[in-house]
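One structure below.
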Amino acid sequence: MAYDRKQAGHKVAQANRPDYRLEVGRAEVPVGEPRVFRVLDAARGATLQAWVATLIPADRGRPDAAALGAAEYIDATVSEVPSLRPALLNALEMVERIARTKSHRTFGDCTPDERERLLREFQRDGDPDAFQMISDFTYEAYYGHPEVLGALEARTGWRGLGPMKGGPMKPFDPSLLARVKSMSPRWRKLSTEREIRA
Amino acid sequence: MNDDPSADVLVIGSGASGAAICKRLSDHGARVVCLEQGDWVDRARLPKAHVDWEVRGRRHWAANPNVRRWPSDYPVGSEGDDPIDIYMYNAVGGSQIGFAGNYWRFAPSDFRVKTLDGVGVDWPLTYEELAPYYTINEAEVGVAGLAGDPCGPERDPLPNPPAPLGRPGELLVEAYEKLGWYWWPTEQSITTQAYRGRPACDNRGWCTFGCPQGSLSTADLAYWPSALKNGVDLRTNARVREITLGPDGRAAGARYYDRNGVIQEARAAVVVVACGGLGTPRLLKMSASPAHPDGMANSSGLVGKNLMVHVQSFAVGLFEEPVDGWRGTWGGTVSTRQFYETDPERGYARGFIMSGCPGWSPLNLALQIAPWGSGHHAAFDERINHEISMYMCGEDLPEESNRVDLDWEHLDGFGLPGLRTHHALNENSRRLGKDMIAHGRQVLEAAGAKSVRDFGLAPIWGWHLLGTARMGDDPQTSVTDAFNRAHDVPNLFIADSSSMPTSGGVNPSSTIQALALRCADHIWDRRRDWSSAE
């Protein structure tokens, strides 16, 4: 709402262009609820968990995205919007194929550095839009999660749960306006009858 | 098809303007029916009622109807060199469902753009004619602010005190003082103290994601409870298909699909269209008939043309110190009109405002600046709670080529056409935008920012959709007269953002609602004319 959706590479949502940015409006998936995979089988679920943990790894007292259920959140989203399933399934297949070719093991068995390298290759040469979809959904699952919002406060001072509670603030002090109040009028007076009633 | 009992006035649309008209007319004693294609929003479902509010704002509550796709929505395409990212809601309260609350009066010069600056068109009324209705409206919604602003004529004290500045506002005040520029606490449509049964704002911030406690003065809260108490018959889930004409050529009412999808007809002595800058031209064009082959009230050919959206951007400063950006009203607590009036030396006509806001909330910030992978948290932590945003809004001059057309290839859930918008910034807007962003950066640097980023001018935010059925004195160059009455249909009024001939350089809600109240009084004052014509 309002400033939402404005980001690098943002496309205006169109009625006539198939786009996960459009389709996702039909998927109201609360963040942080316990979930099991509904669309992905165990192997693909594991690949996606390794993927989201690579996108947002654990650091600075915050868990990785997989630990917070980001993969299950993505699965729940495509469960509600079947038209998004092909892009997700194909992406998982492609990344596993790249991992087997380049690293000779499953994506989940690769080291974090290898996984990051493989995903960058997929982002560049594979399916950039599918990558962006998984990335966007992962960020949603992470930054909508109460555990992350709570952890932010200790590290950054940002009270992640503050917008839910509010609190008192210092009232506006009108004495700050002393200089501005002494300024001459800053609007154009319509001095002639022609201007007033043109 | 039911044969409805007649009402005095039929209002189509229950948003900012429709709500104000219904309340005002029913205060006077008129019998009013209002048709709203959407429903009441469930306030318990508002994004801000939930911890994952940012996510909810991107999905079910997304501002773009092509994403959200509520049953009340219709498809809206975006075309042209600078396509618009559409922002609108179809519900009781209209697009104020996603409202920031900035609530400016226009300046007197905004009504005389052509005469003073040689661009755009003049309004068929003056600031002084509208001023009493600004005052009435400010009392109705409980505006927060401070009288004495040297950027406008003298006025009465406002109903509520300004919102707290917060640390972002304090830093910006210091910058304005250092620069010697004008500034003022932003007027906001927020009850900063308990007002008419609504609670005082408790500074939760991020107002556009909904205000569960009800301090943000959206039309569903500020106007509808009183209107309903007055007896207004608000029919929700009522999708109007067409305005109907009587044998005398006057508007007879409207046909609509009810919540069960069954066609109904509502009749009234007067019909008011208040569907917003997109919905109004859509309905007028859908109401084409042999008497109005290009759409109702469209003998000028201007229905759907001159779409304006404002030139808008953000500059964002990065500060060494934490700025407590997690709290306080989001729409900007301190603003400047330093560059609002035309200055020929700047190389463009008209001007802009700047309004200082907290930085960005976690998800939106992460999507903007935090790369995925091993560098993610460091990039995020550098900026969260260390940024201040400067919202900038400038005048977008009317151009006939900026327009909306019916889109019969993309239909709504009732088989009615969607819309296509076409928009390109003109050269004046580009120059204004460039200068606006430069000045936004300047303020943030003066406030102590160690670096500043900005959003440029694309995509075009469709937060303010204006001008598509503009008012004027000449029926050949406007759709309605100065009281919002259609030139072509004497008992048809078009009273919403579409009637604005120019955009001004400020958020338009205050002006839209003041115009609506003035239109309502005009209808009431001439009630004998409407009765005799029935």
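The values are calculated or read from the model by the stated rules, or taken from the named source; none is laboratory data. Not measured: the values here are computed from a predicted model. When we count neighbours, we look across all protein chains shown, and the Cβ atoms used for this are built from the backbone with ideal geometry, even at glycine.
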Of the residues B:T468, B:T421, B:T477, which is within 16 Å of B:L302 (Cβ to Cβ), assigned to a strand (DSSP E or B) and β-branched (V, I, T)? B:T421
Within segment A:101-116, does at least one residue satisfy the condition of being within 30 Å of B:S109 (Cβ to Cβ) and surrounded by fewer than 18 Cβ atoms within 10 Å (Cβ to Cβ)? no
From the list B:R69, B:R56, exactly one residue is surrounded by 24 or more Cβ atoms within 10 Å (Cβ to Cβ), among the basic types (K, R) and under 27 Å from B:T421 (Cα atoms). Which is it? B:R56
I'd like the full set of residues that are in a loop (DSSP other than H, G, I, E, B), modelled with pLDDT of 95 or more and more than 17 Å from the chain's Cα centre (by Cα), limited to segment B:491-534. B:N491, B:R526
I need the full set of residues from segment A:96-129 which are within 18 Å of A:L22 (Cα to Cα) and either among the basic types (K, R) or within 14 Å of chain B (Cβ to nearest Cβ) (or both), in order please. A:P128
B:T191 - would you say it is at pLDDT 95 or above, more than 7 Å from every other protein chain (Cβ to nearest Cβ), under 30 Å from A:R186 (Cα atoms) and in contact with a Lys or Arg (Cβ under 7 Å, 6 or more places away or on another chain)? yes
State whether the residues of segment B:431-441 include one that is more than 16 Å from B:V309 (Cβ to Cβ), over 20 Å from the mean Cα position of the chain (by Cα) and not in a helix (DSSP H, G or I). no
Would you confirm whether or not segment A:37-60 contains a residue that is at pLDDT below 90, surrounded by fewer than 16 Cβ atoms within 10 Å (Cβ to Cβ) and either more than 14 Å from chain B (Cβ to nearest Cβ) or more than 15 Å from the chain's Cα centre (by Cα) (or both)? yes
Among the residues in segment A:145-157, are any in contact with a helix residue (DSSP H, G or I) (Cβ under 6 Å, 6 or more places away or on another chain), charged (D, E, K, R) and at the interface with chain B (Cβ under 7 Å from one of its Cβ atoms)? no
If you check B:V76, B:V113, which single one turns out to be surrounded by 22 or more Cβ atoms within 10 Å (Cβ to Cβ), among the β-branched types (V, I, T) and facing another protein chain (nearest Cβ under 7 Å)? B:V76
(1) crowded, with 22+ Cβ neighbours inside 10 Å; (2) closer than 20 Å to A:R159 by Cβ; (3) at pLDDT 95 or above; (4) among the charged types (D, E, K, R): which one isn't true of B:R327, the others all being true? (3)
So B:V452 fits all but one of (1) within 30 Å of B:E387 (Cα to Cα); (2) of a type in the set (A, V, I, L, M); (3) surrounded by 23 or more Cβ atoms within 10 Å (Cβ to Cβ); what number is the exception? (3)
Please count how many residues of segment A:170-183 are facing chain B (nearest Cβ under 7 Å) and either outside any helix (DSSP H, G or I) or crowded, with 18+ Cβ neighbours inside 10 Å (or both). 6
Out of curiosity, is B:R43 in contact (Cβ under 8 Å) with a residue 24 or more places away in the chain, of a type in the set (D, E, K, R) and buried (at least 24 other Cβ atoms within 10 Å of the Cβ)? no
Quick count over segment B:99-110, residues being modelled with pLDDT of 95 or more, out of contact with any Asp or Glu (no Cβ under 8 Å at 6 or more places or on another chain) and within 7 Å of chain A (Cβ to nearest Cβ), is 0
Extreme residue, farthest from A:A66 (Cα to Cα), among residues of segment A:132-182 that are β-branched (V, I, T) and free of Cβ contacts under 8 Å to residues at least 40 places away in the same chain: A:V180
Which one is surrounded by the fewest Cβ atoms within 10 Å (Cβ to Cβ), of the residues in segment B:203-235 that are among the hydroxyl-bearing types (S, T, Y) and within 13 Å of another protein chain (Cβ to nearest Cβ)? B:T208
Scan (1) facing chain A (nearest Cβ under 9 Å); (2) crowded, with 22+ Cβ neighbours inside 10 Å; (3) under 25 Å from B:I369 (Cα atoms) for the single condition B:P322 breaks and write down its number. (2)
On the given criteria, is B:A200 more than 17 Å from the chain's Cα centre (by Cα) and within 14 Å of another protein chain (Cβ to nearest Cβ)? yes
If I filter segment B:33-47 for residues that are at the interface with another protein chain (Cβ under 10 Å from one of its Cβ atoms), closer than 28 Å to B:H422 by Cβ and either in contact with a Cys (Cβ under 9 Å, 6 or more places away or on another chain) or of a type outside the set (S, T, Y) (or both), do I get at least one hit? no
Residue pairs qualifying under the 8 Å Cβ cut-off, at least six apart or on distinct chains, with the first in segment B:357-381 being more than 8 Å from chain A (Cβ to nearest Cβ) and the second being in a strand (DSSP E or B) and β-branched (V, I, T), are B:C357/B:I388; B:P358/B:I388; B:G359/B:V316; B:G359/B:I388
For segment B:307-333, which residues satisfy the criterion of being over 27 Å from the mean Cα position of the chain (by Cα) and in a loop (DSSP other than H, G, I, E, B)? B:F319, B:E320, B:E321, B:P322, B:V323, B:D324
Among the helices (runs of 4 or more DSSP H) lying completely within segment B:46-139, list those that include at least 2 residues that are hydrophobic (A, V, I, L, M, F, W, C). B:53-56, B:113-117
Determine, yes or no, whether B:E54 is within 18 Å of B:R259 (Cβ to Cβ) and either in contact with a Phe, Trp or Tyr (Cβ under 9 Å, 6 or more places away or on another chain) or away from chain A (no Cβ under 14 Å) (or both). no
Can you tell me which condition B:D396 does not meet? The list is (1) among the acidic types (D, E); (2) free of Cβ contacts under 8 Å to residues at least 24 places away in the same chain; (3) buried (at least 22 other Cβ atoms within 10 Å of the Cβ), and all the others hold. (2)
Suppose we filter A:G167, A:G160 for residues that are under 30 Å from B:G214 (Cβ atoms), in a loop (DSSP other than H, G, I, E, B), touching a helix residue (DSSP H, G or I) at 6+ places or on another chain (Cβ under 8 Å) and at the interface with chain B (Cβ under 7 Å from one of its Cβ atoms); which single one remains? A:G160
